[in-house]
Structure formats: structure tokens, C-alpha cells
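Working notes, beginning with the structure itself.
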Amino acid sequence: MFNLNAVINQDLKQWPNITIKREDAIHPDVSGNKYRKLHLNLDAAKKQGKTTLLTFGGAYSNHIAATAAAGALYGFKTIGVIRGEELAHSVNLNPTLSFAANSGMTLHFVSRDMYRNKNNEQMIAQLAKQYGEFYLIPEGGTNLLAIEGCRSILTHEDAAFDVIATAVGTGGTITGIIQSALSHQEVIGFPALRGDFLTDEIKAWLDKDAIEVLAKWSLNHHYHFGGYGKTTPELIAFINAFYRTEGILLDPIYTGKMVFGIIDKLNRGYLNKTQKILIIHTGGLQGIAGFNAHQKSTNKQDIIIL
Ligand SMILES: Cc1ncc(COP(=O)(O)O)c(C=O)c1O
């Protein structure tokens, strides 16, 4: 079902000291860190005898699309609690939500205010009343099992790298990478959203697991391009140029920002060209269709050329 053998380390043509780990090749619909974060959770749900998965996300969420697809593959019913009540009344769902619905996910739309209670016991109890028992997967899919899954992203073959770079959303993926990185390695995370809170959240996850951290790690906050879901013409031009020269598609929300960041740091001399850099392609390509449709509907010229 999932092709872990398809994950290769591919050297970039234009930047000889950068290699990209093609986690996006694991599965077309449950790709990259989504597979890593979900598979142990789905095993746990099965063991607990649960038949329904419930999770949370925004209208363009990679995690919603992946949970819908993984649920269908593993034989679970799925419920997605979606931020934005107004979407329930729109005639056409965006590509992410229509993919989720077509994969069998029940979409439960809530207001932005209500969505803020997503970790609140009362809200969970209310959802259980409505839908019956379920296995709860948090927003973005991050929990201890997800982090454990992300510890398998790096393998012993990656020991030769000095720097490992990944995109950061909730911090789950980088936590697993930090835990499995070696003492001579430095892990750099590129948050796709604004805010300094992520360092503390990652520290808290690291503390919960109490696995000895050997590698140095840090977050670089200079490449969020205005915040979550925000882009600039420069970013989109970069993603298109990268695709033309390297033949590798990046998404505008996570991996595009991270790869832009690492190459910009290299060009500016903040990273050394003799350092061997491994960047993780965490997938997320499903979001491109929705991004392009949104750009066109708001008369913006910058779209990702597929
Ligand atoms: C494609 C992609 N890359 C990276 C991330 C960041 O992962 P995390 O939320 O574990 O930090 C996400 C978000 O979940 C994502 O969808």
C-alpha cells in the first residue's frame, strides 16, 4: 500500500551539496510526513477496536486530505472537523475538501471561534455524542505516536549529512527528526507560520518523550512569507523555477518556503557550501490545486505551473 522503497535521496543539480529526501514518493495521497504521522496512530486505533477516526483541520489542510485517504485505505470511517462555518454553504468545495469528501470523510464545519476549542473536553464530548466513539487525531496529526513515526524519516544512510532541514507546522515532524539525528548533525526547521511559540512546543514534545537529544537544532523564522498560507510572487516564481531545473515539485505552504530558505541561506553565506545538507520533502502537493484555484479566483497572476 505504501512504498517506502520509493523514498530516495536525490542530489540537486544546481546545488551540489544539497540532497532532497523524497518522502513525497511514499504514496500519492498519504505522502511525506503524513504517512509517518498517521500509520502508528491507525495501528493503535485498530488495536483499540475503533472504527472511526476524527480529526481537525483548515480548508486546505494536507492532514485532512491524508487522513481521509488513509482512513479509506485502512477501512475506517473518517470525520473531519473543518475550520470555517461559511464553507458549509459554498456551492463548490475546494479541491482538498472535495477530495476528502470523495474519500468518504464526513465534513463537520464549525465557526472559527468554535474551532479554537478543538482541544477542549466539552467539544470532544459533544462530537462523541453526535458521531459515537472515535479515535481522536489532533490537528496537524501531531501526538507522541506521530513523533515516533517521524523518527524513521532519517536512516543510518543519512549519517553523512551535516545539516538536516525540514518545514515546521505543529512541530511534530521536526521533533522526530531531532530525536533521531546524530551528535555531529544540526537540524534546522523552517516554520510555515509566524510566531515564536513553536520552539517551546518542540521543547515540550522533546521533554515528553525523554529521548536523549544528540543533535543541535534551531528554527529559522525568516521564511514564513507573511504567515500561514501566505505567499509572495517571489516564492511562487522560485517554486516554478525549482520545478523547471530540478524536476521536483514543491508546495507553496511548507516545502517551498523551506527550500527557498535553505538556498537563500546558502547564497548569503549563512551555510557553508562544503556542508552536506539534507532537505526533507514532506509532501503536501495536494494543496497546489486549491492554491492555484484560489489565486485565479482572486485575480492573482502567480500560480504554480504543474
Ligand atoms: C507538507 C507538510 N510539510 C511539513 C509540515 C509540518 O509538519 P508538522 O506539523 O509536523 O510540523 C506539514 C504540516 O503538517 C505539511 O503538511
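The values are calculated or read from the model by the stated rules, or taken from the named source; none is laboratory data. This one's a predicted model, so the numbers in the text were calculated from it and none came from an experiment. Cβ coordinates were reconstructed from backbone atoms using ideal geometry, including for glycine residues, and neighbour counts include every protein chain displayed. Note: areas computed on protein heavy atoms with side chains; ligands, DNA, RNA excluded. Shrake-Rupley method; radii C 1.70, N 1.55, O 1.52, S 1.80 Å.
Rolling a 1.4 Å probe over the protein heavy atoms gives the chain an accessible area of 45 Å² per residue. Simple rule: put +1 on each Lys or Arg Cβ and -1 on each Asp or Glu Cβ in segment 24-74, find the dipole, and look at L53, H63, S31; the Cα lying farthest toward the positive end is L53. Could you give each residue of segment 22-34 its phi-based ³J(HN,Hα) in whole Hz, using Karplus coefficients 6.51, -1.76, 1.60 with θ = phi - 60°, and x for Gly or Pro? After applying 6.51 cos²θ - 1.76 cosθ + 1.60, I find 8, 5, 5, 8, 4, 6, x, 10, 10, 9, x, 5, 5 Hz. Counting only protein heavy atoms and using a 1.4 Å probe, what share of the accessible area of segment 34-141 belongs to carbon plus sulfur, as a whole percent? Answer for segment 34-141 is 49 percent, counting heavy atoms of protein chains only.
Per-residue accessible area (protein heavy atoms, 1.4 Å probe) orders R194, R22 as R194, R22, starting from the largest. From the square roots a ≥ b ≥ c of the eigenvalues of the alpha-carbon gyration tensor of segment 17-70, which class results: rounded (a/c under 1.5), prolate (a/b over b/c), or oblate? The shape class here is oblate.
Provide the solvent-accessible area of M114, counting protein heavy atoms only and rolling a 1.4 Å probe, rounded to the nearest 10 Å². Its accessible surface works out to 90 Å², give or take rounding.
Heavy-atom accessible area, probed at 1.4 angstrom with all protein chains present, ranks E148, E186 as E148, E186, highest first.
Quick one: which of 42-49, 294-301, 276-283 comes out on top by average Cβ neighbours within 10 Å, and what's the full order, highest first?
276-283, 42-49, 294-301
Rg/Rh for the chain stands at 0.95; both radii use Cα atoms, and Rh follows the Kirkwood definition. Contact order, relative form, for the chain: 21 percent (alpha carbon pairs under 8 Å, 6 or more residues apart, mean separation divided by residue count).
Classification of segment 34-141 by its C-alpha gyration tensor yields an oblate form. The axis ratio a/c (a ≥ b ≥ c) is 1.5 or more, and b/c is at least a/b. Here K216 and Q10 are evaluated by their C-beta separation; at R0 = 30 Å the FRET efficiency comes out at 0.75. For the chain, the residue among G283, N41, L206 whose Cα projects farthest onto the positive side of the dipole built from Cβ charges is G283. Of the residues V81, V213, ranked by 1.4 Å probe accessible area with the largest first, the sequence reads V213, V81. Based on the alpha-carbon gyration tensor of segment 131-287 and its eigenvalue square roots a ≥ b ≥ c, which shape applies: rounded if a/c is under 1.5, prolate if not and a/b is larger than b/c, or oblate? Note, shape of segment 131-287 comes out oblate. Only Lys, Arg, Asp and Glu carry charge here, each on its Cβ (+1 for the first two, -1 for the last two); on that basis segment 1-101 has a dipole of about 340 debye about its Cα centre. Need the C-alpha centroid separation for segment 62-125 versus segment 273-306, integer Å. Spelled out, the Cα-based centre of one part sits 22 Å from the other.
Remark on V187: its backbone amide H falls under 5 Å from those of I164, K216, W217, S218, a criterion applied only to residues 5 or more positions apart or on other chains, H modelled at 1.01 Å from N.
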